[in-house]
Structure formats: structure tokens, C-alpha cells
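Asker: This is the structure I want to talk about, given as C-alpha cells.
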Amino acid sequence: MALVEGPAPVASGNDIRSDSVWFEKSTCSPKVLVEFERYDGSAKTAGKLREKLCNLMEAAMRWEYQPKLIVLSAWSPGLVSAPDLDELKNLFCKGVNNSKGLFIPPSIGCQLLLHRLVLDKAHDDLLYLKHQSFNLVES
């Protein structure tokens, strides 16, 4: 079962709500945490991707039974430069510091799926999927 804006258990850091949390129904434990972030190729939105990854890693750490997969989905309306996937992979594999300076270690047994969506505006002004790519990273 899935939950939108799923809160992570409370800890000493900030309140974290993943865009989507998928639970194992029989145990009510999280299996997948997902964040979606608009990315326009700028340094500012690249920073938002790093922040979202940090939040995903911290949220995963807070659960008693850690999820098996976290998904960071970067979407853009139109073609822009690709995010620095190597930087995101390194953060996931080496750990990150959250906004309060607490070190968030890599999640053991958890994978990261870097998902890239390129959308295109059609004649009806709606966005449609033009291209997507996936990169799976193990900690």
C-alpha cells in the first residue's frame, strides 16, 4: 500500500515527509521512499536534488525496518543539462550531513534509484513524458 506525503518517524532532525512511501501491507514496514523534484539544470535545482537525497537517506534511517529502495526522481519540462549523477551516487554511498550537521551514514541493504524524466509540452499545454532513464545504485 502507498501513502502520499508520508512522515518519517520523529527524530532530532527536521520533520521529513517523503512524497510517497510504499509499505509492506503485512508488516506495515516501509519498502520504498520516493521524492520527486523539478530540475532545470541550474545550480539551485541541483542543490535541491542533493537536499532531497539527504532527506530520503535520513528518512530511511529513522524507520525501525529500513526500506529496501529509495527513489529520487528528477523531472524537467523540456531538455536541460543532466544532473550530476556521480555526485548523487557518491553522497548515497559515502553518507551525507543533514541540515543540522548530523552525519547520515549510507543505508545498508538499501538501493538508490535515480530516475530522470524529460517532459514535453504539447499543443494542449499539458506536459507529456518524452524520455525517462534509470540508474540503480547499491550502498
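Asker: Within the stretch 95-109, can one find any residue that is over 15 Å from the mean Cα position of the chain (by Cα), open to solvent by 70 Å² or more (accessible area, probe 1.4 Å) and either of a type in the set (S, T, N, Q) or more than 22 Å from SER18 (Cβ to Cβ) (or both)? Explain how you work it out, then say what you get.
Answerer: To start, the set of residues in the stretch 95-109 that are over 15 Å from the mean Cα position of the chain (by Cα) comprises 97, 99-103, 105, 108-109.
From what is left, the residues that are open to solvent by 70 Å² or more (accessible area, probe 1.4 Å) are 97, 99-100, 102-103, 108.
Of the ones still in play, those that are also either of a type in the set (S, T, N, Q) or more than 22 Å from SER18 (Cβ to Cβ) (or both) are 97, 99.
Looking through the stretch 95-109, at least one residue is over 15 Å from the mean Cα position of the chain (by Cα), open to solvent by 70 Å² or more (accessible area, probe 1.4 Å) and either of a type in the set (S, T, N, Q) or more than 22 Å from SER18 (Cβ to Cβ) (or both).
Asker: Testing THR45 on (1) part of a helix (DSSP H, G or I); (2) touching a helix residue (DSSP H, G or I) at 6+ places or on another chain (Cβ under 8 Å), one condition comes back false. Which one is that?
Answerer: Answer for THR45: the failing condition is (2).
Asker: Report, by residue number, each residue of the stretch 6-21 that is open to solvent by 90 Å² or more (accessible area, probe 1.4 Å) and either part of a loop (DSSP other than H, G, I, E, B) or on the phi > 0 side of the Ramachandran plot (or both). Please lay out each step first, then the result.
Answerer: Narrowing the stretch 6-21 to residues open to solvent by 90 Å² or more (accessible area, probe 1.4 Å): 10, 12, 15, 17.
Of everything in the stretch 6-21, those that are open to solvent by 90 Å² or more (accessible area, probe 1.4 Å) and either part of a loop (DSSP other than H, G, I, E, B) or on the phi > 0 side of the Ramachandran plot (or both) turn out to be VAL10, SER12, ASP15.
Asker: Could you list, in sequence order, the residues of the stretch 83-123 that are more than 21 Å from ALA59 (Cα to Cα), assigned to a loop (DSSP other than H, G, I, E, B) and touching a residue at least 40 places away in the same chain (Cβ under 8 Å)?
Answerer: Scanning the stretch 83-123 gives a single hit, PRO83.
Asker: Looking only at the stretch 78-94, filter to residues that are among the aliphatic types (A, V, I, L, M) and open to solvent by less than 80 Å² (accessible area, probe 1.4 Å); which one of those is nearest to the chain's Cα centre (by Cα)?
Answerer: Across the stretch 78-94, the extreme among qualifying residues is LEU88.
Asker: Taking the stretch 22-77 on its own, how many of its residues are more than 24 Å from HIS131 (Cα to Cα), crowded, with 19+ Cβ neighbours inside 10 Å and among the acidic types (Asp, Glu)?
Answerer: Within the stretch 22-77, residues that are more than 24 Å from HIS131 (Cα to Cα), crowded, with 19+ Cβ neighbours inside 10 Å and among the acidic types (Asp, Glu) number 1.
Asker: Any idea how many residues of the stretch 110-139 are among the aliphatic types (A, V, I, L, M) and open to solvent by 40 Å² or more (accessible area, probe 1.4 Å)?
Answerer: Going through the stretch 110-139 one residue at a time, the tally reaches 4.
Asker: Among the residues of the stretch 7-59, what is the count of those that are under 21 Å from LEU102 (Cβ atoms) and of a type outside the set (Ser, Thr, Tyr)?
Answerer: Counting residues in the stretch 7-59 that are under 21 Å from LEU102 (Cβ atoms) and of a type outside the set (Ser, Thr, Tyr) gives 26.
The values are calculated or read from the model by the stated rules, or taken from the named source; none is laboratory data. Small disclaimer: the values here were computed from a predicted structure and weren't measured. Positions of Cβ are generated from backbone atoms using ideal geometry, with glycine treated the same way; all protein chains shown enter the neighbour counts. Just so you know, the surface numbers come from the protein's heavy atoms only, side chains and all, with ligands and any DNA or RNA stripped out. Shrake-Rupley method; radii C 1.70, N 1.55, O 1.52, S 1.80 Å.
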